[in-house]
Structures are given as C-alpha cells and as structure tokens.
Amino acid sequence: MKNIKKMILSVLACVLLLTTSCEKFLTEEPTANLPEDLVLNDVTGLNLLLQGTYRMMRDGNNNPPISSPSGIRLLSTVSGFDMMVNQEQVGNNWYFYIYSNQRYDATSAVTPVMWASLYKVINNANIILENIDQAVGQELEKNAIKGQALALRARCYFNLVRMYQHTYVIAKDKPGVPLQLTSDLEPKARATVQEVYNQIVGDLTSAENLLLNYSRPANNKNYYNADVVNFLLAQVYLTMEDWPKAQQYANKVRTTYPLMAIGEYESGFSTPNREWVLGYEQGPQDYWWYDSPACWFDFGQNNAPWQAEQILPSNYFVEVIMKDDPRALFIENPLYPGKYAATKFRELRDEPPYGHLYDFRAAEMYLVEAEAAARQNDLQTALQVLNTLQQERGAAVTSTSSQEALIDAILLERRKEMWGEGLEWFDILRLQLPVERTTAQGHYQNVSVPKNSNKLILMIPEKEVINNRSLEQNPNPSQVPVFVP
C-alpha cells in the first residue's frame, strides 16, 4: 500500500499548489514535490493535498473538454433537445455528437476519460480520509478538510452512477459503479445503484455535519462548504424522487442565495455574483480556454480567446420555446445563415484572465424546490417559488391549479432558465424521456432515441473490464437497445 501511495503522491505533486493562501490556490502554479510524511501526517500537508484534488477535479485531470465540471456540463447540454453540435465543422464523429458510438462505445474517448478522471479524484479523497483523523492539527481544520474530501468524493460518485447506469428509480438493483473507499486500488465489482446512492448520501450527510462551522475565505466561492453540500443533497434526493428531502435541502440554498438580477443574467456568466454557490476564480496563468462555455458557443460574438464554433441552439428552441422570453440570448449566426448563435456566455476581457467559471447557482435550487413541492401536491408553495424566479427574470408568470400542469410548467421553466448549463442529459435520464430531434426543428439530422435507451448511458471502459474480471459490462445498445428491468 505504501508504494501505491507514493506513486499516487508522485502524480499528485504535479498539481499540488504550494501556497497556504486559500484565496489563490486555483491561480498558483505547482513548484515542487512534497515528501509523503509531510502530506499525510499534518493538516498543512493534507490541506495542500486537498487543494491539488480540487484543481484536479476542476481541470478534469488535464482533460477539461471531457471530464471537468464544465466538460460534463457541455456533454449534458448537447445530449438534450435544444442545443446541437456544429456538424458543418466536426461532422458525425466528434465525441460530443449526440448519441453516436463515440458517446457510449467502450473503446471511445469519452467513457475511459470520464471514468479515470473521476476515480483519480476519488482516490485522492480516499488518501485524505484515511489520514486526516490521525494528523497533527486543530479539530476544526481537520473537520473542514474531511468534510470537503467527503463532498468531493460524493459528487464524483453521483456523476459516475448517473453516467454509467440508468436512473435510480428503475435501476436501484442494477450494477452501478465500483465503490473504491480506500486507496489500496484493489479491483472491485460494481456495487448496486442503491449501494452507491447510500454511500453518496452517507458521505454528504457526514460532510454536512463536519462543515457546519467551516467558512470559506471572504468573497471566495472555490470551495465546498455546507451550502455546496446542501446543493448536492438536493440534486441527489431529486434524482431519487425523495421529494420531501429534495425540497428541504433546496430550500436551504434558495433562502441563502438570492437570485441575480436579469441584467446580471445577461452579462455573460463570467463574473461571480450573489447567486453563485460554487465557482472558480481564474488567474492570468491558469486559464483553460476549453473550460469556458463562452468558447464553445462562440461564432465570433462572445469575446472568447478560442472561437470554437461548436455549440448552437436549434431554431425551434429560439423561435418557439424562448419566444419573447428575456433569457432568449441569441443572435443570427455570424457564420451560418439560417442558424442562431448564443450570447448567454461571454468573456469579460481580451487577455487573461478572460473571466471566471461558475459551477452551481441558486436558480437551480428554486426549480428543485418548486418541482419537489408540486410532486407532493403542495401547489401553493410550488407556485410561489416558481413565480419568484419568473418575476425576477421578467418572464411570463405561471398560474394553474392543476398539479400535472404545474409540474410541466416547472420543467419548462427549468429548460428556459438553465439552457446550456448542463442539466439536460441528467433530466432526460431521471424523467425517463425519449429524445426526438428533427431537421424541421433546425437540427442537422433526425434523431429518435426511446426513453431508457441504452444509448443514454456510457459503457464501462473496455480496458477496465479486461483488467478487472469482476466488472460486469453494460449492454451494448446495438444489441440491447433499451433498458431491461
């Protein structure tokens, strides 16, 4: 085990940030390796290991277009109904193309990168958790480090179990993902989806208690505090369809973080504001162009350093769904006549740092609380929360006495408020929706994916299955098209 730890720490040294300044850990460059005893036996070293783990997760283990929070958000966005990959530039073989074999094939780029990157973060968290209780340091510091490590691990498992298996309510007894809870790296079989969710909830509940007295540095939203944990718990319980707890935890965030004004919404999502629950401050030397949604949506209109010309909205979304809505931030596409381009995400400056990166924002929790209340038939609360969001945005206000109509209105508002922000794929999975896209809507081709299609989830990376005989592979969609209970 000691040799394994040394190997991991050697790799991690490439991302450790040797500064004790909490304000700048995401903007400093690594300068040296740390000896194992300094890292593992003292809160100072373990805190540095935690900073490197944050950095590893934020940068997707040096592969931000795929496995960083921004990369996962991008993949989810183009998996939905409204945004599409620019096939005039990339054709059908780019790994973000909607439901192509690049998306789910066990040998493709996406599935092994996602798997490896998230498990590396998990393993770093495990090293921290194995050593923090015995480390020299104040109890408050140890609790803060432990709570953040648990939250990071839980978020990784939440992403993994949703990517590599169908949603909880239909697949709780099916194979989820292996639960690696120690740093020994011994091969393990896939735990059930239920077991994985039990671990996620357990980690987050422990983190919630450990972080009660932890405060992030002033004006710094880089770190996972109790609010971030509550945000994650609301997402998890929503997916599990535990409506009372989803409402409870979403309410904790909603009542703590007011909504940004519509002017701030229109400004480009590059400046932290009161609605940001989690985000990443960018320095001149550490900016990943690939991280920025402004780049991916840019056809010359978003002031991005890298004009990617990759993601554009469907005509139907612009002209029908978002018609007359203040959040319809689109222009005619500068490069492709008859198409549109998005101006929702824009950079601030023409040189580094171009802008900051948001991860979680409170509007999502307004929508979670409203949906959870509506599904419990508490229509008054659901309407009140939904209308608060709509009024702040200057959007049409919903008024209905029907539970079904209200749920539909909340889900439509979620689509309007959060477009391009990475909820789409995971909503399709949890709501068990089919995906229908047509050329008549302005998409490049017709796509028809039935609900609970095995194209909606990723296959386990082929090398993992070869090297770990206890791993059961997911069904190949070409052989088993739809989930079998």
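The 3J(HN,Hα) values that the Karplus relation (6.51, -1.76, 1.60; θ = phi - 60°) gives for segment 257-262 are, in residue order, 10, x, 5, 5, 6, 4 Hz. Gly and Pro appear as x. Rg and Dmax, both from the Cα atoms of segment 276-358 and both in Å, are 13.7, 42.
Beta bridges assigned by DSSP with both partners in the chain are antiparallel in approximately 95 percent of cases.
Using just its DSSP H runs of length 4 or more, each adding -39500 (n - 2.57), the chain gives a mean residue ellipticity at 222 nm of -13500 deg cm²/dmol after division by all residues. In this structure, the pairs whose alpha-carbon distance is over 21 Å, taken from Lys174/Lys252; Lys146/Lys221; Lys188/Lys455; Lys120/Lys344; Lys120/Lys463; Lys323/Lys344, are Lys174/Lys252; Lys188/Lys455; Lys120/Lys344.
Once backbone amide H atoms are built at 1.01 Å from N, Asp42 has Val136 as its partners under 5 Å, excluding neighbours fewer than 5 places away on the same chain.
If you take all other residues with their beta carbon under 12 Å from the beta carbon of Ile262, and give Lys and Arg +1 and Asp and Glu -1, the sum is -4. Ranking of Asp378, Asp298 by neighbouring Cβ atoms within 10 Å, starting from the fewest: Asp378, Asp298. Pairs of C-alpha atoms in the chain farther apart than 35 Å represent 30 percent of all such pairs.
Highest average first, the peptides 390-399, 359-368 ordered by how many other beta carbon atoms sit within 10 Å of their residues are 359-368, 390-399. If R0 is taken as 22 Å, the Cβ-Cβ distance between Lys245 and Ala405 corresponds to a FRET efficiency of 0.35. For segment 276-358, the relative contact order is 39 percent, taking Cα pairs closer than 8 Å that sit 6 or more residues apart in sequence and dividing their mean separation by the residue count.
Projecting the Cα atoms of Leu181, Asn62, Ile128 onto the charge dipole of the chain, computed from C-beta unit charges around the Cα centre, puts Leu181 farthest toward the positive end. I'd like the distance separating the alpha-carbon centroids of segment 131-207 and segment 407-485, in whole Å. First find each Cα centre; the distance between them is then 23 Å.
Please identify the helices of the chain, taking whole runs of DSSP H, that span at least 30 Å along their own axis as judged from the Cα atoms and have a mean Kyte-Doolittle score of -1.0 or higher.
On the way: long enough: 110-131 (32 Å, 0.57); 139-163 (36 Å, -0.09).
Those that clear 30 Å and a mean of -1.0 are 110-131, 139-163.
Relative contact order of the chain, taken over Cα pairs closer than 8 Å and 6 or more residues apart, is 18 percent. Look at Ser117, Ser402 and count the other Cβ atoms within 10 Å of each Cβ; fewest to most, that gives Ser402, Ser117. Computed 3J(HN,Hα) for segment 164-171, one whole-Hz value per residue from the Karplus formula 6.51 cos²θ - 1.76 cosθ + 1.60 where θ = phi - 60°, is 10, 7, 5, 5, 3, 5, 10, 10, glycine and proline marked x.
Each of Arg327, Arg155, Arg437 has some number of other Cβ atoms within 10 Å of its Cβ, and from fewest to most they run Arg327, Arg437, Arg155.
Within the set of other residues whose C-beta is less than 12 Å from the C-beta of Tyr164, count the net charge using Lys and Arg as +1 and Asp and Glu as -1.
On the way: positive: Arg162, Lys174, Arg190; negative: Glu464, Glu472.
So the environment of Tyr164 carries a net charge of +1.
Values quoted throughout were computed directly from the atomic coordinates according to the rules given, and no laboratory measurement underlies them. Predicted model only: the values in this text are computed from it and were never measured. FYI the Cβ positions are ideal-geometry reconstructions off the backbone, even for glycines, and counts take in every protein chain you see.
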